[in-house]
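See below for the structure under consideration.
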Amino acid sequence: MVKKYTFGTPFNTGAIVEDIKAESTPVPYFEINTDEGISFSCKLADKDIVYGLGEATRGINKRGYVYNSYCSDDFCHMETTKSLYGAHNFILVEGKKTFGAFFDYPTRLTFDIGFTKADTMRIYCDKADIDVYIIEGSAPLEIVKEFRKVIGKSYVPPRWAMGYMQSRWSYYTADAVREVAKNYRKESIPLDAIFLDIDYMDEYKDFTVSDERFGDLPQLIDEMKAEGIRLVPIIDAGVKIEKGYDIYEEGLEKGYFCVDKDGKPFSAGVWPGLTHFPDFLNEEAGLWFGLKYKALTDLGIEGFWNDMNEPAIFYSEKGIERFYEKLAEITNGDKSVDNYNKIKDIVNGLQNSQEDYNSIYHKVNGKLVKHNDIHNMYGYKMTECTAKALEKLRPEERTLLFSRASYVGMHRSAGIWTGDNFSWWSHILLELKQLPALNMCGFLYVGADLGGFGCDASRDLVLRWLGLGIFTPLMRNHAALCTRDQECYQFENPEDFKNIIELRYRLLPYLYSEFLKCAENDEMFFKPLGFEYKDDEVARSCEDQLFVGNELMIAPVYTQNALGRYVYLPEDMRAVRLKKGGELQFEDMPKGHHFVEIPLHEVVFFIRKDKCIPLAKSALSTDAMDFDTLRLIGFEGAKYELYTDDGISSDLNKIEKKIWEN
Ligand code: MIG
């Protein structure tokens, strides 16, 4: 049961697709205060768990910290970071009282979840214009499903996008891409896609291709496709200001760019230098931009990733002006350390500055809307427009699409990756914790940069990260400029990587089938243990294991030099161990605590009691796989309902469902 409570005149975000009438009664569970903006307070009992918030830092249980829902480009996020790339305002309280709440509000919203006061949760924002949805149900999963029902069905990618994918900022030339493909094939490591980062473009201009470095892109696309490898180019939000560049000229002429308070196109510096931002809040402008992807789909491109759409801003023209004014004011010939420090702060403050977000405007139904008032919708609307256009450009087939910035509602159009993490062990665990929270908000096609984006990755870190990554629908290894190469073949004994990635392909019939089920039934692909074991305190407090689909549990290793790890089984399970060389070994383990040894080149996962899963034979790419010849592993007599289709058709009614018995 979902109930809606409206305060003031909220901006219509489009997150909720069902028509729900607003209630007039006070909001259950919350005490409301409107002295300043609006705030919603609620007492928490000792053992209450607060789940949710999608892409956020800290635990599966969000208690004990404060989070700011405000899409932010934070390339070096840590435990203390309050805002990440996505804004996912759904929480689920489980315990004495069990309920869900969604705060539909398109800009900064703060969730103080027992931080200021341990027993109090307080959610607040500046303006009392907000829709609050209260979701009731008997159990956490039921509440999630009720919520998912009103936000609409999740995006389903083509099946090849659930293969292993390799990325790097950047593969600078077509030959560099060929080299990656060649090395993967040489080592017989499966690979389904290679990503093109910003350097494939001509001077970072969207929908252009560098003649010098990717002159033979059409041929490259065909060559790679013949190998079962798709190329996935990046698209940035900002459009370079350059006379003669068609996208710029057209956008300008049609008034499709965001403006400043005087109605002039807003200019900000990003990778291409000064750019204008398409006004994705204006549907016509968004569709215009979306249809530009045709330049690439015409060449045979079947997937895209949308970046820099918080939007990230390095500096703005106005910001630079302000900087020089302040500089003149401060220095005035004084070369003191104090002044140096002040200048340094101003320079750093140019990036993603609040002043800039306050001075951008959108045109919504003919009215100017301040960007800051709808900030969290920018990447969401960019990606929704992209998806709508891609449906026109490629109506028969699903297109791979994922975005960096997001808001609830975008899950209908695309997936997300969790932005710029680091090659840190703690970021393996962070990913694990984000996965179920993202699923709650409808984002099923999700994953983090495997091996870590920033700084240098070590061999053991990449191997361990793959141990989690083989279970994530989006499985992409990606690394930043100037960091150590981290393609699997760059390390000693690539066959260790091969075995683990092959396990992913062997599991694909299961993972893909579970994904389709989750999309169809609004289920979660990743569930915290407490979702199924509500009365088991150990399961409820478990922050480093997850159920994957309905049959598996995972407990990845995320610490360096570990021999293995402690695993808690909330029920009897059968452990499956991937040995060096690819052999699978099985061991039945009783409910309870275990120390499980997991050498670096092995992976262990668990089949739940009385369940079984299908396994396929691995191949070099999903195209080359036989999805019909399967064997079941798991408990004798168990049944599995397998969902299959051709992996690519837009028409999801073509999915076949078949019961397999072990
Ligand atoms: O300012 O395109 O998160 O994945 O490699 C950095 C370059 C811009 C940020 C993305 C990252 C990508 C990078 N981009």
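The values are calculated or read from the model by the stated rules, or taken from the named source; none is laboratory data. Note that this is a predicted model, so its numbers are computed, not measured. With ideal geometry, Cβ positions are generated from the backbone for all residues, glycine too; neighbour counts draw on all protein chains shown. Heads up: the accessible areas ignore ligands, DNA and RNA and are worked out on the full protein's heavy atoms, side chains in. Shrake-Rupley method; radii C 1.70, N 1.55, O 1.52, S 1.80 Å.
Some observations on this one:
- Qualifying residue in the stretch 16-35 (condition: within 26 Å of Asp544 (Cα to Cα), of a type outside the set (Val, Ile, Thr) and at pLDDT 95 or above): no
- With respect to the conditions (1) farther than 22 Å from Leu109 by Cα; (2) within 15 Å of the ligand (Cβ to nearest atom), Ala405 lacks only one, and its number is (1).
- In the stretch 271-280, the residue that is nearest to the ligand (Cβ to nearest atom) out of those that are crowded, with 22+ Cβ neighbours inside 10 Å and hydrophobic (A, V, I, L, M, F, W, C) is Phe277.
- For the stretch 168-220, taking the residues that are open to solvent by 40 Å² or more (accessible area, probe 1.4 Å) and within 16 Å of the ligand (Cβ to nearest atom), the one that is nearest to Asn499 (Cα to Cα) is identified as Trp169.
- Qualifying positions in the stretch 327-362 - out of contact with any Phe, Trp or Tyr (no Cβ under 7 Å at 6 or more places or on another chain) and open to solvent by 80 Å² or more (accessible area, probe 1.4 Å): Glu329, Asn332, Lys335, Val337, Asp338, Tyr340, Lys342, Lys344, Asp345, Asn348, Glu355
- Counting only strands (runs of 3 or more DSSP E) that sit completely within the stretch 578-639, those holding 3 or more residues that are aliphatic (A, V, I, L, M) correspond to 603-608.
- Index of the failed condition, Tyr407 passing every other in (1) in contact with a helix residue (DSSP H, G or I) (Cβ under 6 Å, 6 or more places away or on another chain); (2) open to solvent by 40 Å² or more (accessible area, probe 1.4 Å); (3) aromatic (Phe, Trp, Tyr): (2)
- The residues listed here are Leu231, Leu299; of these, the one that is in a loop (DSSP other than H, G, I, E, B), in contact (Cβ under 8 Å) with a residue 60 or more places away in the chain and buried (at least 16 other Cβ atoms within 10 Å of the Cβ) is Leu299.
- One residue from Lys433, Lys392 being closer than 23 Å to Leu296 by Cα and open to solvent by 10 Å² or more (accessible area, probe 1.4 Å): Lys392
- Contact annotation: residue pairs with Cβ atoms under 7 Å, 6 or more positions apart or on different chains, pairing a residue in the stretch 362-377 that is in contact (Cβ under 8 Å) with a residue 24 or more places away in the chain with a partner that is of a type outside the set (S, T, N, Q) and open to solvent by 30 Å² or more (accessible area, probe 1.4 Å), are Leu368/Tyr361; Val369/Tyr361; His371/Tyr361; Asp373/Phe11; Ile374/Phe11.
- Every pair of residues 6+ apart whose Cβ atoms lie under 6 Å, when the first sits in the stretch 467-496 and is touching a residue at least 24 places away in the same chain (Cβ under 8 Å) while the second is in a loop (DSSP other than H, G, I, E, B) and acidic (Asp, Glu): Thr483/Asp456; Arg484/Asp456; Tyr489/Glu187; Pro494/Glu187
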